[in-house]
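Below is one structure, written out as structure tokens, with a few remarks after it.
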Amino acid sequence: MIRVLGKGLTAQALKDTLEDVELYDDSNFKDYDLNSDEVTIVSPGIPPFNNMVKNAKNLMSDYDYFASTMPFSIWISGTNGKTTTTQMTQHLLEEYNSVCGGNIGTPISKLDKTSKIWILETSSFTLHYTNIAKPNLYILLPISEDHITWHNSFKEYELAKLKPLDFMKEGEIAIVPKKYENYKTNAKLITYNSSDDLCKEFGIDKSKINFKEPFLIDAILAIAAKKIIFDEIDYEKINSFKVDAHKVEEVLDKNNRLWINDSKATNVDATINALVPYKDRKIHLILGGDDKGANLNPLFEFLNDYNVDIYAIGTNSDKLESLCNEYNIKCYNLKYLKDAVINIDINLDKMGIAMLSPAAASLDQFSSYAQRGNEFKELISSLSLN
């Protein structure tokens, strides 16, 4: 029998795919046989301090379970951009019989085992429990503070992201931020500080790519993956990729004013990246939600160089107002998204932009970041013509 901790998407996929699988959560863990040597797969969302994890035996990730049958694999991780980079890489490699999944879309237990390439968006949660499986090509986007409660510290989060390098072999390649250039690994390390570094390394002409930051570096990393494996650069193909909704999604209102729906920006680094292309504009920025206790000072230090007013919503709106006062940034403490849009409508002209890039999770007031983004767009569409 295979035991699985958790009953979510990953766990259900394992039960659907494998024979003789028993799922456990807090309600039935009392039935877990602590004396058995059977394998226990941990669903990635369950933290290491969970009582089941602390008491279970023979723990592994679903990546480890399928390590022996995994085809050539590209793992993509980092704090922000890993979903888009994974989707872009799949877009470029689909003609070579690739599939993508992992942390997005299809759990790896349901991926086609006959595919030539698996492209896996890989979370720090999965990596924490992975001690056997490894990628053939590892792409690591920049790492910033996130999931600190789950990992207990930024250092532990960072080490989880670097863990694949511990198991990679000579001849395999990892593309990682330059700060990790001295990390010990048998893989060949290609390091970067910027998209320009990657373009120089792989002979990529940035001017032929139609994306701007934060998606530009995602596109370049996807192109680099294809260049490494097939020695091809396909600008036309990458430029045909369509970015998901709620990621720096530009929306015009009835008065032809620009609003940016970046609801998926659930941490500081994502919001900072989203702001960069609009530095020369007056920005009306909606921040707030459940920040999970994250340190927001780096965001406010960054905002010192911007012409920005803050519209604070969510459970951390008072904290945001306090930070605005500390950094001398104008703040409207409004609590709710609807009120933020109403107030921006009064203040926004055609030279400025309005942006929802909350640097916080959505579950304090919404069912998901998608619901938050959809409500934002609905509120924009309901504004009157001036």
request  = May I ask you to derive the relative contact order of the chain, considering only C-alpha pairs under 8 Å and at least 6 residues apart, and to give it as an integer percent?
outcome  = 12
query = With each run of n ≥ 4 DSSP H residues scored as -39500 (n - 2.57), what mean residue ellipticity at 222 nm is computed for the chain after dividing by its residue count and rounding to the nearest 500 deg cm²/dmol?
reply = -9000 deg cm²/dmol
ask   = Fully extended, how many nm does the chain gain between residue 152 and residue 254 (0.36 nm per residue separation, minus their Cα-Cα distance)?
value = 32.1 nm
inquiry  = Could you tell me the relative contact order of the stretch 19-108? Use alpha-carbon pairs under 8 Å, at least six residues apart, and round to a whole percent.
reply    = 19
remark   = For residue 350, counting only aspartates and glutamates whose alpha-carbon sits under 17 Å away and dropping same-chain residues fewer than eight positions off, the answer is 250, 253, 280, 309
message = For the pairs 254/338; 206/242; 134/161; 208/282, flag any whose C-alpha to C-alpha distance is greater than 22 Å.
response = 208/282
Relative contact order %, the stretch 248-386, counting alpha carbon pairs below 8 Å whose residues are six or more apart = 38
key: Carbon and sulfur %, accessible surface of the stretch 1-137 computed with the full protein complex present, 1.4 Å   = 48
key: Ranked by how many other beta carbons lie within 10 Å on average, peptides 92-105, 236-249 from highest   = 92-105, 236-249
message = Can you tell me the orientation of helix 317-326 relative to the chain, as the angle in degrees between its alpha-carbon axis and the longest Cα principal axis, to the nearest 10?
response = 60
message = List the Cys residues of the chain that have no partner Cys with a C-beta closer than 4.7 Å.
response = 100, 199
query = So between residue 231 and residue 16, what do we pick up on full extension, going 0.36 nm a residue minus the alpha carbon distance?
reply = 73.6 nm
inquiry  = If packing is taken as the average count of other Cβ atoms within 10 Å, what order do 331-338, 119-126, 32-39 fall into, highest mean first?
reply    = 119-126, 331-338, 32-39
query = Sorted by average packing, counted as other Cβ atoms within 10 angstrom per residue and highest first, what order do 220-233, 169-182 take?
reply = 220-233, 169-182
inquiry  = Run the simple label-point estimate for residue 36 and residue 346 please: 7 Å along Cα→C-beta, distance reported in nm.
reply    = 6.3
query = What per residue convex hull volume, in Å³, comes out for the stretch 86-174 when only alpha-carbon positions are used?
reply = 114
remark   = In this structure, among 113/155; 155/292; 15/188, pairs with alpha-carbon gaps over 27 Å are 113/155; 15/188
request  = Give me the number: length gained by fully extending residue 281 to residue 182, i.e. 0.36 nm times residue separation minus the C-alpha to C-alpha distance, one decimal in nm.
outcome  = 31.7 nm
note = Relative to the chain, whose Cα atoms define the longest principal axis, helix 82-93 and its Cα axis are tilted in degrees, nearest 10, by 70
key: Pairwise FRET efficiency - residue 97 versus residue 242, Cβ, R0 = 22 Å, nearest 0.05   = 0.50
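The values are calculated or read from the model by the stated rules, or taken from the named source; none is laboratory data. For clarity, every value in this text was computed on a predicted model and none was experimentally measured. Positions of Cβ are backbone-derived with ideal geometry, glycine not excepted, and every protein chain shown enters the neighbour counts. Side chains are part of the model used for accessible areas, which takes the heavy atoms of the whole protein and leaves out ligands, DNA and RNA. Shrake-Rupley method; radii C 1.70, N 1.55, O 1.52, S 1.80 Å.
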